[in-house]
Amino acid sequence: MATRILIADDHGVLRAGLAALLNDEAGFEVIGEAGTSEEAVRLAVESRPDLVLMDLSMPEMGGIEATRRIQERTPEVRVLILTLHEDIGMVREAIRAGAGGYILKRAVKDELISAIRTVLRGDMYVHPAMMRALLSEPQPEPRPTAPLAEPLTTREVDVLRLIVRGHTNSQIAEILNLSVRTVEYHRSNLTGKLNLHSRVELIRYAAENGIT
């Protein structure tokens, strides 16, 4: 069965080009196009694609808010940001909104296809240039707590690994054969121990500590 993709971009020519490129790829099918963020949310809810390819500079609410609303209403739909913006703040905001990946429009076809496949299997994709910038950002001053006074348990590491890969609490529960409440408990424990609360912070911690 083909992977169903919705393209959300306010430039019609670009949408047409992306649609032709993706429809030419075996196993992919573009099932709709949206020219505004409101339309992107509506079509995502109505058609339930496997993935939304989302531009950030969209009319109306913008791509980040559209991503947030899509994830709230249809958490099973993956969102991959495709944008011109090489801005670390945008990456952080997109990930917080629930995006499964962030790729730049200057990427070549093979990179885009790879990013789509990565996000579809539940892993996080961040364009290499942006990931390097994320990991090289100065660390904030430590908060007045004692991080890792208690080491992470094996189960907390499992949960962290799946959070970094972009899975929701319900997906983590299914993968680890746990209840959602138990996943929430482990997630609360590990973020408290690490004193880290955003997904970007957790991605950086995992990368620096070899948790993949």
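The values are calculated or read from the model by the stated rules, or taken from the named source; none is laboratory data. All of these numbers come straight from a predicted model, not from anything done at the bench. Don't worry about glycine lacking a Cβ; one is built from the backbone with ideal geometry, like all the others, and counts go over all protein chains shown.
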Fill in the blank from the handout: Condition set within 19 Å of R204 (Cβ to Cβ) and touching a residue at least 40 places away in the same chain (Cβ under 8 Å), scope the range 163-185, selection surrounded by the most Cβ atoms within 10 Å (Cβ to Cβ): answer is G166
Practice task
State whether one or more residues within the range 131-148 are at pLDDT 75 or above and either closer than 15 Å to G192 by Cα or in contact with a Phe, Trp or Tyr (Cβ under 9 Å, 6 or more places away or on another chain) (or both).
Solution key: no
Exercise for the section: Answer yes or no as to whether L112 is touching a residue at least 24 places away in the same chain (Cβ under 8 Å), part of a helix (DSSP H, G or I) and not assigned by TED's automatic domain parsing to the domain that holds N169. Expected result: yes
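Given the residues L152, L160, which is the only one that is part of a loop (DSSP other than H, G, I, E, B), surrounded by 15 or more Cβ atoms within 10 Å (Cβ to Cβ) and modelled with pLDDT of 85 or more? Spell out how you get there, then give the answer.
Details: L160 fails: part of a loop (DSSP other than H, G, I, E, B).
Exactly one of L152, L160 is part of a loop (DSSP other than H, G, I, E, B), surrounded by 15 or more Cβ atoms within 10 Å (Cβ to Cβ) and modelled with pLDDT of 85 or more, namely L152.
Could you list, in sequence order, all residues of the range 1-14 that are in contact with a strand residue (DSSP E or B) (Cβ under 7 Å, 6 or more places away or on another chain), under 22 Å from Y102 (Cβ atoms) and surrounded by fewer than 23 Cβ atoms within 10 Å (Cβ to Cβ)? Outline the logic, then answer.
Just the residues of the range 1-14 that are in contact with a strand residue (DSSP E or B) (Cβ under 7 Å, 6 or more places away or on another chain), to begin with: 2-8.
After this cut, where a residue has to be under 22 Å from Y102 (Cβ atoms) as well, the list is 3-8.
Hits for the range 1-14 are T3, R4.
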Completion exercise
Note on the range 25-47: residues in a helix (DSSP H, G or I), within 10 Å of P59 (Cβ to Cβ) and polar (S, T, N, Q) are S37
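Using the structure shown, decide if G17 is modelled with pLDDT under 90, surrounded by fewer than 16 Cβ atoms within 10 Å (Cβ to Cβ) and part of a helix (DSSP H, G or I). First the steps, then the outcome.
Details: modelled with pLDDT under 90: no; surrounded by fewer than 16 Cβ atoms within 10 Å (Cβ to Cβ): yes; part of a helix (DSSP H, G or I): yes.
Against the criterion (modelled with pLDDT under 90, surrounded by fewer than 16 Cβ atoms within 10 Å (Cβ to Cβ) and part of a helix (DSSP H, G or I)), G17 does not qualify.
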Fill in the blank from the handout: Counting only residues in the range 48-73 that are among the aliphatic types (A, V, I, L, M) and not in a loop (DSSP other than H, G, I, E, B), the one nearest to A2 (Cα to Cα) is identified as L51
Handout entry: Per-region count, the range 43-61, residues surrounded by 16 or more Cβ atoms within 10 Å (Cβ to Cβ) and out of contact with any Lys or Arg (no Cβ under 8 Å at 6 or more places or on another chain)
Key = 6
Problem - Some residue of the range 65-79 being at positive phi and surrounded by fewer than 22 Cβ atoms within 10 Å (Cβ to Cβ) - result: no
